[in-house]
Amino acid sequence: MCGIVGFTGQENALPILMRGLYSLEYRGYDSAGIAAFTEDGLKVIKTKGRISNLEEKLRGEGSFSSTCGIGHTRWATHGGPSDRNSHPHLGGRDGKVAVVHNGIIENYLFLRGQLEKHGYVFQSETDTETVAHLIDYLHTGRQEDLAQTVLKALSLLRGSYALGVVSMDDSSEIVAARRDNPLIIGLGEGENMIASDITAIISRTRRYIILDDNEVAVVRPDRVTVYNQLGDVVDKPVQEVNWDLSAAEKGGYAHFMLKEIMEQPRAFSDTVRPRIQDGEIVFEDNGLTDERLREAGHIHLIACGSAYHAGMVGKAVIEELGRVRCSVSVASEFRYSNPIIREKDLCIVISQSGETADSLAALRQAQRAGAFTLAVVNVVSSTIAREADGVLYTWAGPEIAVATTKAYSAQLAALYLIAAKVAKARGLLDRQTERELCGALLQLPDSIREMLEQIKTVQYLASKYANRSSVFYLGRGLDYAAAMEASLKLKEISYVHSEAYAAGELKHGTISLIEEGTLVVALATQRHLYEKTVSNIREVTARGAEVVLIAAEDFDGDVSACKNVIRLPACMERFAASLSIIPMQLFAYYVAVERSCDVDKPRNLAKSVTVE
Ligand code: F6R
């Protein structure tokens with residue numbers, strides 16, 4: 001949800017800012033811009049559209065260089081995508097201040113009204129321009145440094161932000177601030193950076209500090225100083241990036257999404273392996289004590305989007321193995337639903353980015369209610385990871401494609417482990433069963449690999465069905481959860497309308513949409529439901545649907561009505577969602593490619609959703 005980058009040092013900042021912006025583009029791609037100090041003053045170049053449009057515009061500006069600047073790639077909230085609404089925004093009548101912003105300023109209309117009374121003229125419809133003018137207003141004519149002014153301005157803002165601010169007063173200084181939106185500071189030799197995430201700094205440095213809420217940083221080539229709300233200097237721990245640049249590159253694949261789909265065996269294995277030793281589930285460093293799991297009256301799983309779909313699978317497996325009441329909620333609903341949370345409850349927040357605004361708010365709500373909170377998160381040291389009482393990292397590595405695949409698989413892996421641990425703590429898992437479960441989990445990466453080998457079949461099916469205007473996914477139980485994720489994958493990247501239905505529910509209304517040639521993808525991986533699902537398949541084929549069936553190895557129902565059948569290798573059926581999702585991810589991917597969609601950056605979307 002918007003990407004911010006800034007550089008101050010000795011080298012030309014422009015290529016560094018551009019490279020940073022390209023690596024942050026997945027966070028939003030409605031418009032892009034930079035502000036950089038040149039011999040002639042503060043130069044702002046910005047444009048609607050992708051970073052490549054900005055690059056072209058920069059080329060048109062002729063050659064100029066700068067050793068300090070800020071850049072932004074936008075996911076539009078206030079004001080549509082346009083040149084005018086692009087960041088950076090200038091503050092003041094003479095444009096002395098430039099601001100880039102990620103987040104939403106909720107009281108911007110009030111502030112805008114006040115500033116207009118003081119003669120400020122607004123060029124855009126954004127909330128961000130208010131911040132730029134406000135800083136100019138508070139700074140003009142006062143003998144204080146920019147950081148002090150920014151601190152003052154922040155105390156007047158309601159809402160959320162990560163901010164990068166530069167001022168003509170000092171052409172080598174960037175002031176950065178954050179509240180509820182991520183911002184890190186990359187520490188180099190004689191140069192420093194600000195960025196929304198690590199991908200933008202890793203080509204220059206592996207060392208960084210994480211800005212916390214309500215902190216302000218003054219970033220100069222030779223030093224970084226961080227202040228808290230009171231203006232006191234804060235000593236910040238230095239972190240080190242633990243993955244390579246290659247992990248955030250395409251590595252020969254046409255798209256990040258395909259690369260990440262293919263990386264799923266490793267993502268699953270890296271999440272599971274360190275937590276299994278000699279046939280035993282062992283992970284104790286995240287506060288999930290046996291006592292806590294034994295006493296938990298209710299487990300709340302809270303997440304958004306695909307992470308919510310992982311939660312649906314998690315709920316089924318935790319309830320089946322651990323026999324404890326478990327609910328799964330969409331974070332944006334949970335937070336406003338006055339949820340019943342008791343002190344002994346366990347709240348598990350699932351998030352790839354660890355920055356999703358609604359999931360973070362739900363986590364804080366659960367903490368206020370006194371429950372123990374566990375984050376299942378992929379991005380190390382992200383806000384949700386840091387704020388939760390315990391964290392179980394999914395080790396999927398950096399996920400760049402906007403549509404999640406490998407992080408989703410790793411979330412399933414983490415939830416399976418939690419389910420087994422709950423069962424063990426509650427005395428429901430004997431040694432033999434635990435050994436079998438561990439064996440099955442360790443075997444799954446190979447089974448995922450086997451599913452990936454069916455890539456050509458799926459590619460063929462995608463080319464056959466790419467022109468359909470609507471696709472239905474049907475399943476029961478765990479298959480319904482997988483169907484939900486499959487349907488989301490297809491619609492978000494290929495823009496084909498699609499719905500997932502609990503197979504028995506279709507006839508209660510939606511079956512009226514089935515007509516001659518409608519594609520239905522049916523899932524049948526749960527033995528006790530085979531016959532039921534076969535009946536549902538018959539109901540749709542009788543109305544002209546073409547069915548692609550994804551079925552367990554031992555599925556013995558009548559498949560004569562199905563156009564194609566994709567089989568899963570043998571696996572514990574409680575883990576089947578990890579296998580059935582693979583062909584459906586590939587199907588979505590190839591349908592999007594067939595339809596010439598921008599697979600890694602689907603329209604209107606952004607990777608990290610830091611606004612509610
Ligand atoms: C879909 C997708 C989204 C995310 C959702 C939550 O492919 O990626 O639905 O799952 O926005 O994001 P995180 O997991 O970062 O909290």
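The values are calculated or read from the model by the stated rules, or taken from the named source; none is laboratory data. Owing to the predicted nature of the structure, the values given are computational and were not obtained by experimental measurement. Please note: Cβ atoms are built from the backbone with ideal geometry, for glycine as well, and neighbour counts cover all protein chains shown.
Brief remarks on what is shown
- Annotation note: Cβ proximity below 7 Å between a residue of the stretch 400-412 that is closer than 19 Å to K315 by Cβ and in a helix (DSSP H, G or I) and a residue that is within 8 Å of the ligand (Cβ to nearest atom) and of a type in the set (V, I, T) (sequence gap 6+ or interchain) occurs for Q411/I350.
- T404 being within 14 Å of the ligand (Cβ to nearest atom) and at pLDDT below 95: no
- From Y227, Y208, residue being among the aromatic types (F, W, Y) and within 29 Å of A267 (Cα to Cα): Y208
- Looking only at the stretch 167-180, and only at residues there that are under 14 Å from A35 (Cα atoms) and touching a strand residue (DSSP E or B) at 6+ places or on another chain (Cβ under 7 Å), the one that is surrounded by the most Cβ atoms within 10 Å (Cβ to Cβ): V175
- Only one of the numbered conditions (1) assigned to a strand (DSSP E or B); (2) within 15 Å of T394 (Cα to Cα) is violated by V216, and that is (2).
- Looking only at residues of the stretch 181-212 that are among the acidic types (D, E) and buried (at least 22 other Cβ atoms within 10 Å of the Cβ), we find that the one that is modelled with the highest pLDDT is E191.
- Taking strands (runs of 3 or more DSSP E) as the structural unit, those lying wholly within the stretch 1-93 and holding at least 2 residues that are closer than 30 Å to L115 by Cα and of a type in the set (S, T, N, Q) correspond to 31-38.
- Residue in the stretch 266-281 that is touching a residue at least 40 places away in the same chain (Cβ under 8 Å) and of a type in the set (S, T, N, Q) present: yes
- In the stretch 297-320, the count of residues that are more than 22 Å from L437 (Cα to Cα) and either modelled with pLDDT under 95 or more than 24 Å from the chain's Cα centre (by Cα) (or both) is one or more.
- Of the residues making up the stretch 52-75, those that are out of contact with any helix residue (DSSP H, G or I) (no Cβ under 8 Å at 6 or more places or on another chain), small (G, A, S) and under 19 Å from D197 (Cβ atoms) number 0.
- Scanning the stretch 588-599 for residues that are in a loop (DSSP other than H, G, I, E, B), more than 16 Å from the ligand (Cβ to nearest atom) and either in contact with an Asp or Glu (Cβ under 6 Å, 6 or more places away or on another chain) or within 30 Å of I4 (Cβ to Cβ) (or both) turns up nothing.
Each row is one residue, and each column tells you yes or no for (1) more than 17 Å from H133 (Cα to Cα); (2) surrounded by fewer than 20 Cβ atoms within 10 Å (Cβ to Cβ).
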site: E11; (1), (2): yes, yes
site: L21; (1), (2): yes, no
site: S63; (1), (2): yes, yes
site: R84; (1), (2): no, yes
site: H89; (1), (2): no, no
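- If you check I511, I550 for being assigned by TED's automatic domain parsing to the domain that holds S580 and modelled with pLDDT of 95 or more, only one passes: I550.
- For the stretch 439-456, the candidate set comprises residues that are in contact with a Pro (Cβ under 8 Å, 6 or more places away or on another chain) and under 30 Å from I514 (Cβ atoms); within that set, the residue that is surrounded by the most Cβ atoms within 10 Å (Cβ to Cβ) is M451.
- Matching residues in the stretch 275-293 - criterion: being of a type in the set (K, R) and either modelled with pLDDT of 95 or more or under 15 Å from V376 (Cβ atoms) (or both): R275
- Checking V234, V272 one by one, the residue that is modelled with pLDDT of 95 or more, over 21 Å from V166 (Cα atoms), more than 20 Å from the chain's Cα centre (by Cα) and buried (at least 20 other Cβ atoms within 10 Å of the Cβ) is V272 and no other.
- Pick from the stretch 420-434, criterion over 18 Å from F268 (Cα atoms) and either within 16 Å of the ligand (Cβ to nearest atom) or of a type in the set (A, V, I, L, M, F, W, C) (or both), ranking: surrounded by the fewest Cβ atoms within 10 Å (Cβ to Cβ): L428
- Residue match in the stretch 165-176 (condition: within 30 Å of A396 (Cβ to Cβ) and either modelled with pLDDT of 95 or more or not assigned by TED's automatic domain parsing to the domain that holds F37 (or both)): yes
- Of everything in the stretch 325-339 that is surrounded by 22 or more Cβ atoms within 10 Å (Cβ to Cβ) and outside any helix (DSSP H, G or I), the residue that is farthest from the ligand (Cβ to nearest atom) is C326.
- Some residue of the stretch 406-419 being more than 16 Å from R266 (Cβ to Cβ), surrounded by fewer than 24 Cβ atoms within 10 Å (Cβ to Cβ) and not aliphatic (A, V, I, L, M): no
- Selected residue (only one of L374, L392, L363, L437 is within 13 Å of I302 (Cα to Cα), in contact (Cβ under 8 Å) with a residue 12 or more places away in the chain and away from the ligand (no atom under 13 Å from the Cβ)): L374
- Considering each residue of the stretch 472-479 in turn, at least one proves to be more than 18 Å from A316 (Cβ to Cβ) and out of contact with any helix residue (DSSP H, G or I) (no Cβ under 6 Å at 6 or more places or on another chain).
- The set of residues in the stretch 297-324 being of a type outside the set (A, V, I, L, M, F, W, C) and within 13 Å of the ligand (Cβ to nearest atom) consists of G305, S306, Y308, H309, G311.
- Applying the criterion of being part of a helix (DSSP H, G or I) and buried (at least 21 other Cβ atoms within 10 Å of the Cβ) to the residues of the stretch 377-389, the residue that is nearest to the ligand (Cβ to nearest atom) is I384.
- Taken over the stretch 542-566, the residue count meeting the criterion of being in contact (Cβ under 8 Å) with a residue 24 or more places away in the chain, within 19 Å of I582 (Cα to Cα) and assigned to a loop (DSSP other than H, G, I, E, B) is 3.
- Residue within the stretch 346-356 that is away from the ligand (no atom under 15 Å from the Cβ) and charged (D, E, K, R) present: no
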